[in-house]
Amino acid sequence: MIVELDVKRAAIDECRVIARQERALEEGEIEVAVRKFALTANNITYALTGDMIGYWKFFPTEGEWGIVPVWGFGEVVASRCDGVPEGTEIWGFLPMASSVVMRPGQVAGHGFTDEAPHRKDLPPVYNRYTVTNDDPAALKALADARCVFFPLFTTSYLIYDYLMDNDWFGAKQVVIGSASSKTGAGLANMLATHAKGSIRVTGLTSPRNRAFVESLGTYDEVRLYDDIAGLDASVPSIYVDMSGDGKVLAALHRHFGDNIKASCGVGATHWQAPRDAGELPGAKPEFFFAPAQIQKRDNEWGPGAAMRRAQDECARMAGEMEPHLKIEHGTGAEAVKAAYLSMARGETAPDRGIMLSFG
């Protein structure tokens with residue numbers, strides 16, 4: 001039996017655990033047991049944008065329910081594909097389920113692509129799986145961090161690269177909404193490490209998360225959401241919105257006016273807040289789609305170059321942030337469900353990383 005967590009697509013704080021019968025493998029297919037995976041606010045963004053961007057399409061179900069993708073480790077437990085034998089261990093984009101059937105293609109020693117028909121038009125970065133059996137010891141030691149932090153910090157790196165690639169859009173400051181989010185913290189780390197002195201970094205957060213954000217030491221200034229009026233509106237600024245809160249977005253744009261030089265929507269930690277902010281002064285808010293920046297850099301630097309650079313930065317940031325973040329583990333379908341609901345309701349503390357397994 002396959003056990004999975006289904007989420008209601010139109011009401012993502014509703015979910016159910018179901019079990020369904022496995023089907024026989026066809027020639028060229030493999031069955032991958034999902035051994036462990038991370039759950040972060042990023043997965044809530046996947047659910048919110050599931051129809052707009054296509055995240056529900058990776059592991060399709062029928063009707064009003066969908067499976068939220070996660071990043072984690074799996075093991076091939078049955079194979080009818082010559083190039084991917086049983087015992088192959090992989091890392092990549094997996095369903096919130098106990099196992100999944102894949103159809104490997106472009107098989108090489110370091111990995112393969114899932115070429116199941118329903119995935120052929122989806123972004124390639126999500127369809128590629130890395131074989132981990134022969135990973136060096138240093139990378140194996142980062143297994144949990146690789147699931148919890150690497151996908152988020154990869155987005156942090158790509159946002160940084162996108163802003164730098166556009167000469168900061170003429171801005172002197174980056175304002176990060178939901179500064180306590182791991183993607184926001186990663187972006188602040190990238191800016192503090194590689195652009196300190198050339199761009200100011202300001203974080204917006206809630207009272208309960210302010211101490212955590214300040215403890216990171218990477219923000220030049222930390223402000224509460226209700227204190228946006230205290231920011232210097234004369235400073236040309238970029239807003240990177242991890243919160244998805246239309247009220248905050250509107251307040252920031254109206255405060256800075258034409259000094260908002262770019263406005264990038266990335267996440268939705270405040271997904272229950274109203275999102276439509278109406279017509280706003282300053283640069284038009286646009287959703288940042290990480291695969292587009294990867295494709296741009298692959299065209300310029302060569303295939304895989306952007307992700308290799310991102311992985312190096314992810315390993316560095318994971319090491320630097322380890323003292324500020326605790327990784328907790330949960331096993332079993334009910335633990336997965338409870339963890340998902342806590343994340344969807346905004347109850348998970350920012351200093352926690354959640355690793356799960358259906359067991």
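Tabulated values for the structure
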{"read-out": "Listed residues ALA229, LEU152, VAL213: farthest to the positive end of the dipole of the range 151-292 (Cβ charges)", "value": "VAL213"}
{"read-out": "Cβ-based exposure ranking for ILE44, ILE67, in which fewest neighbours within 10 Å come first", "value": "ILE67, ILE44"}
{"read-out": "Sorted by Cβ neighbour density within 10 Å, fewest at the top, the residues CYS15, CYS147", "value": "CYS15, CYS147"}
{"read-out": "Ellipticity estimate at 222 nm from DSSP helix runs (n ≥ 4, -39,500 (n - 2.57)) divided over the chain, nearest 500", "value": "-9000 deg cm²/dmol"}
{"read-out": "Gyration tensor (Cα) of the range 4-102, equivalent ellipsoid semi-axes in angstrom", "value": "25, 14, 12"}
{"read-out": "Kirkwood Rh and Cα Rg combined as Rg/Rh, the range 151-292", "value": "0.91"}
{"read-out": "Rule-of-thumb Rg ratio for the chain [Cα; 2.2 N^0.38 Å; N residues]", "value": "0.99"}
{"read-out": "Hits among lysines - C-alpha to C-alpha of LYS140 under 25 Å, sequence gap 8 or more where chains match", "value": "LYS36, LYS182, LYS326"}
{"read-out": "Per-selection Rg to Rh, the range 200-359 - Cα, Kirkwood hydrodynamic radius", "value": "1.00"}
{"read-out": "Cα-based shape type of the range 271-359, given that a ≥ b ≥ c are square roots of the gyration tensor eigenvalues and the cut on a/c is 1.5", "value": "oblate"}
{"read-out": "Order of ARG35, ARG210 - criterion: other Cβ atoms within 10 Å of each residue's Cβ, fewest first", "value": "ARG210, ARG35"}
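We did not get these values from a lab; they are worked out from the coordinates using the rules stated. Since the model is a prediction, treat every value here as computed from it, not as a measurement. Note that we place each Cβ from the backbone using ideal geometry, even for glycine, and neighbour counts take in every protein chain shown.
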